[in-house]
Amino acid sequence: MGAARRFVRQVDLAGRRQILDLGGGSGCYCIVAAQRHPQLRAIVLDLPPVVEVTREFVASHGLADRVTAQAGDFTRDPLPAGSDVMIMASNLPQYSRDIIRKVIQKGHAALRSGGEMHLIGEMLDDDRGGPVDAALWGLYETMANSTGVTHTRSDCIGYFEAAGFTHIAVDEFVPGILVRVSGTKQ
């Protein structure tokens, strides 16, 4: 018998109208979502040099009419309002606890009522004993003298609670590497 598999709770995009991806790079999450859900529009918010490439990538998938790339710094600039789903993936350890707390608060404010936020990143277990990838990323941020830190799962749950999210859940996204914390705005 094969090894047990863990399944990530699916994000139900039926009836959703807009996704906002913070620091979304290529826009891959938004592209796949738009391909599977024709009613969906998406915004990829990233730094100006990145969105130039994002626009090319989105256009190459024939989705420039529904997936837009907007230049901005989600840690400093206001977030576009009105999304049903917000994603921040794979850039968590680059930022301090204060910055992540503020971004999640801004995310809550920008979401529609009933919207969901999904924070996907390298998170330490609450005992700080692993996983190794999260610990190594935190060590790198320290060596690079950045403001980034490794966040624990409890840290991230606390950010969501402080922002006012409900129905907070923690899922393995990529087991042993990425964890997803999600919450709903009432």
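Structural remarks
- From phi via Karplus (6.51, -1.76, 1.60), per-residue ³J(HN,Hα) for the stretch 140-152 in Hz, x at Gly/Pro: 4, 4, 5, 5, 7, 6, 8, 8, x, 9, 8, 9, 8
- Kirkwood hydrodynamic radius of the stretch 15-128, from inverse mean 1/r over distinct Cα pairs, in Å: 14.3 Å
- Max mean-square fluctuation residue, GNM over the chain, Cα-Cα springs under 10 Å, options 149, 50, 11: 11
- Diffusion coefficient of the stretch 46-88 by Stokes-Einstein, Kirkwood radius over Cα pairs, 25 °C, 0.890 mPa s: 215 µm²/s.
- Applying the Karplus relation 6.51 cos²θ - 1.76 cosθ + 1.60 with θ = phi - 60° to the stretch 101-106 yields 3J(HN,Hα) values of 4, 5, 5, 5, 5, 5 Hz, where x marks Gly and Pro.
- Distances between placed amide hydrogens fall under 5 Å for residue 151 paired with 124, all partners being 5 or more residues away or on another chain.
- Candidates 39, 105, 18: whichever shows maximal mean-square fluctuation once the chain is modelled as a Gaussian network with Cα springs under 10 Å: 39
- You can think of it this way: the chain between residue 146 and residue 126 has 5.0 nm of extra reach, that is 0.36 nm per residue less the Cα-Cα gap.
- Inter-probe distance in nm under a simple model that places probes 7 Å from Cα toward Cβ, at residue 81 and residue 161: 2.9 nm
- For the stretch 87-137, the Kirkwood radius over C-alpha pairs fed into Stokes-Einstein at 4 °C and 1.567 mPa s yields D = 106 µm² per second.
- Amide H contacts under 5 Å for residue 115, placed H, 5+ residues apart: 185
- Ordering of 106-117, 157-168, 85-96 by packing [mean C-beta count within 10 Å, highest first]: 85-96, 106-117, 157-168
- Long-range HN-HN contacts of residue 20 with modeled amide H, under 5 Å: 43, 85, 86, 87
- Virtual spin-label span in nm between residue 55 and residue 39, 7 Å along Cα→Cβ: 3.0 nm
- Here each label is just a point 7 Å from Cα along the line to Cβ, and for residue 169 and residue 32 those points are 1.7 nm apart.
- The angle between the Cα long axis of helix 153-163 and the main principal axis of the chain comes to about 50°, on a 0 to 90 degree scale.
- Using just its DSSP H runs of length 4 or more, each adding -39500 (n - 2.57), the chain gives a mean residue ellipticity at 222 nm of -10000 deg cm²/dmol after division by all residues.
Only the coordinates and a few stated rules stand behind these numbers; no lab work does. The structure presented is a predicted model; accordingly, all values stated were derived computationally and were not measured. With ideal geometry, Cβ positions are generated from the backbone for all residues, glycine too; neighbour counts draw on all protein chains shown.
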